[in-house]
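Enquirer: Pasting in a structure now, in structure tokens, and then I'll have a few things to ask.
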Amino acid sequence: MKPVLELNNISFSFDGKKATLSDISLHLEEGEKVGLVGANGAGKSTLLWCALGLLRAHGEVRFFGQRRNAESLRRVAVVFQNPEDQLFMPSLLDDLTLPLLNRGVSRESAEVSAHEALARVGLDSLGGKPARQLSLGQRKRAAIASALVGSPELLFLDEPTSELDGRSRRELASLLQTLNLTLLIASHDLTFLKNIVTRVIALDEGRSAGSFVAGDFFQNTILLKQLGLI
Amino acid sequence: MNAARFILVVALVCALILLLVDGNFVGLAASAVTAFLARALLLRDFRKCIRHALPVFLFCAILVVLEFIAHRSLSNLALKTFVCYAIVVLSVHLMPWTVMVRSVSPRSCLFAPVLFLLFVHHFTAILQEETRRSLTAYRMAVPHPFRRGGVRALAFSLDSLFCRCLLRAERFYAAQTLRGIAE
């Protein structure tokens with residue numbers, strides 16, 4: 001198995017005094033689907049932002065065996081909590097083709113890739129519509145399509161089920177199950193994660209609470225209570 | 001049709017610049033009224049158009065009052081402000097955004113300004129949405145805005161709006177950076 005993401009001794013503080021993340025290390029291997037769980041304020045999103053270099057943290061971040069750089073980040077995609085942060089063009093198709101065109105891909109092949117990505121998330125017929133005209137569930141799927149369009153090898157999802165109803169959650173879960181790439185999902189929605197992840201990394205107040213096999217973790221009610229997840 | 005709209009927008013912006021330089025009162029007033037009515041016709045909702053213009057109109061009115069207090073005379077400043085608003089809003093309405101985006105290649109030098117305009121367009125929508133949420137929450141929490149605590153609550157509501165907008169802007173920028181667009 002090839003290492004996809006290695007975080008070694010990551011520490012971060014917003015104000016320079018109180019540590020938001022303390023000495024966190026984690027490793028993801030190719031094809032793994034991992035849940036990053038923790039109560040509100042545990043540091044899940046902050047850890048993702050630190051890994052991506054959006055926040056400057058102490059420690060080492062390696063993607064695909066090499067230090068984080070522009071080239072390795074091209075193989076990574078992110079789905080943010082709020083789909084509006086990713087989708088802003090006049091149509092979904094434009095949203096999906098933009099990063100490809102920006103990288104120098106021809107319009108024809110960009111459109112083919114965009115249609116394929118939309119078809120994967122079941123939104124092929126809505127390519128002409130702007131994201132704001134879609135339901136929240138559809139917007140989430142569109143955000144995933146915009147992440148998939150660049151054929152990433154590692155996909156980060158930050159609170160993918162926030163504000164989603166039951167049906168949209170189920171649809172999103174079955175979509176993520178079908179994806180054949182490495183996933184790191186930051187969420188405290190255990191019901192959602194149960195169906196997708198094989199391993200869980202738990203955070204508790206900015207510290208690592210350990211890495212667990214998914215089945216064992218979801219049955220350990222004492223630990224779940226300690227972590228503030230139930 | 002789209003080319004005609006684009007030419008019309010360019011003509012409107014050029015006319016605006018000429019009007020501002022010339023500063024003729026009648027020309028400014030006529031342009032403001034025409035642009036305002038044209039947008040009302042496009043929206044097919046005169047009330048909505050007035051509602052949109054009300055904050056700018058209030059701003060202009062305050063400007064007139066302050067100018068009068070300071071100099072005991074009036075300039076065209078408030079009228080120029082309103083003309084800018086009316087013509088820019090009309091131009092934004094007329095601009096064929098989708099066609100414009102598709103016709104500009106990401107390799108062209110026009111791409112960055114077009115992208116910037118789209119970012120502004122998108123973020124204005126976010127700001128509008130956040131403002132609406134804040135005001136709704138404020139109205140529900142403070143049914144009598146001029147009674148005790150009303151003004152203080154409004155100040156805190158605006159403060160929270162500002163913080164939320166900053167947060168949204170930060171996330172938006174982060175998302176675009178990761179997609180390789182914002183660099």
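Enquirer: Yes or no: A:ARG67 under 22 Å from A:LEU184 (Cα atoms), in contact with a Gly (Cβ under 8 Å, 6 or more places away or on another chain) and modelled with pLDDT of 90 or more? Explain how you work it out, then say what you get.
Expert: Details: under 22 Å from A:LEU184 (Cα atoms): yes; in contact with a Gly (Cβ under 8 Å, 6 or more places away or on another chain): no; modelled with pLDDT of 90 or more: yes.
When the stated conditions are applied, A:ARG67 does not pass them.
Enquirer: Between a residue in segment B:160-183 that is more than 7 Å from chain A (Cβ to nearest Cβ) and any residue that is among the aliphatic types (A, V, I, L, M), which pairs come within a Cβ distance under 6 Å, given they are 6 or more apart or on different chains?
Expert: Every condition considered, the pairs that remain are B:CYS165/B:LEU127; B:ARG168/B:ILE126; B:TYR173/B:ALA182; B:GLN176/B:ALA182.
Enquirer: If you scan segment A:40-50, which residues turn out to be surrounded by fewer than 23 Cβ atoms within 10 Å (Cβ to Cβ) and of a type in the set (A, V, I, L, M)?
Expert: Across segment A:40-50, the qualifying residue is only A:LEU48.
Enquirer: Still on this structure: I need the full set of residues from segment A:55-104 which are of a type in the set (A, V, I, L, M, F, W, C), out of contact with any Asp or Glu (no Cβ under 9 Å at 6 or more places or on another chain) and in a loop (DSSP other than H, G, I, E, B), in order please.
Expert: The answer is A:LEU55, A:ALA57.
Enquirer: Looking only at segment A:51-63, filter to residues that are away from chain B (no Cβ under 12 Å) and crowded, with 18+ Cβ neighbours inside 10 Å; which one of those is nearest to A:VAL149 (Cα to Cα)? So that I can check it myself, show each step before the final result.
Expert: Initially, segment A:51-63 is screened for residues away from chain B (no Cβ under 12 Å), giving A:56-63.
If we keep only those that are crowded, with 18+ Cβ neighbours inside 10 Å too, we end up with A:57, A:63.
Details: A:ALA57: 29, A:PHE63: 20 Å.
Taking the candidates together, the pick is A:PHE63.
Enquirer: Determine if segment A:161-182 includes at least one residue that is away from chain B (no Cβ under 14 Å) and part of a strand (DSSP E or B).
Expert: Pass one, segment A:161-182, residues away from chain B (no Cβ under 14 Å): A:161, A:164-182.
Next, only the ones that are part of a strand (DSSP E or B) stay: A:182.
Yes: segment A:161-182 contains one or more residues that are away from chain B (no Cβ under 14 Å) and part of a strand (DSSP E or B).
Enquirer: If the requirement is being away from chain A (no Cβ under 14 Å), hydrophobic (A, V, I, L, M, F, W, C), farther than 19 Å from B:ALA30 by Cβ and surrounded by 11 or more Cβ atoms within 10 Å (Cβ to Cβ), which of these qualifies: B:LEU110, B:LEU74, B:LEU66, B:LEU79?
Expert: Working: B:LEU110 fails: away from chain A (no Cβ under 14 Å); B:LEU74 fails: farther than 19 Å from B:ALA30 by Cβ; B:LEU79 fails: farther than 19 Å from B:ALA30 by Cβ.
None of the others qualify; the one that does is B:LEU66.
Enquirer: Condition test on A:SER168, is it among the hydroxyl-bearing types (Ser, Thr, Tyr) and over 30 Å from B:LEU115 (Cα atoms)?
Expert: Details: among the hydroxyl-bearing types (Ser, Thr, Tyr): yes; over 30 Å from B:LEU115 (Cα atoms): yes.
Answer is yes for this residue.
Enquirer: Among the listed residues A:LEU164, A:LEU148, A:LEU193, A:LEU184, identify the single one that is modelled with pLDDT of 90 or more and under 18 Å from A:VAL121 (Cβ atoms).
Expert: Working: A:LEU164 fails: modelled with pLDDT of 90 or more; A:LEU193 fails: under 18 Å from A:VAL121 (Cβ atoms); A:LEU184 fails: under 18 Å from A:VAL121 (Cβ atoms).
Only one candidate qualifies: A:LEU148.
Enquirer: Of all residues in segment A:109-134, which are within 13 Å of chain B (Cβ to nearest Cβ), farther than 18 Å from A:LEU179 by Cβ and part of a helix (DSSP H, G or I)?
Expert: Result: A:ALA110, A:GLU111, A:ALA131, A:ARG132, A:GLN133.
The values are calculated or read from the model by the stated rules, or taken from the named source; none is laboratory data. Just so you know, these numbers come straight off a predicted model, no measurement behind them. Glycine gets a Cβ as well: all are built from the backbone with ideal geometry, and neighbour counts include every protein chain shown.
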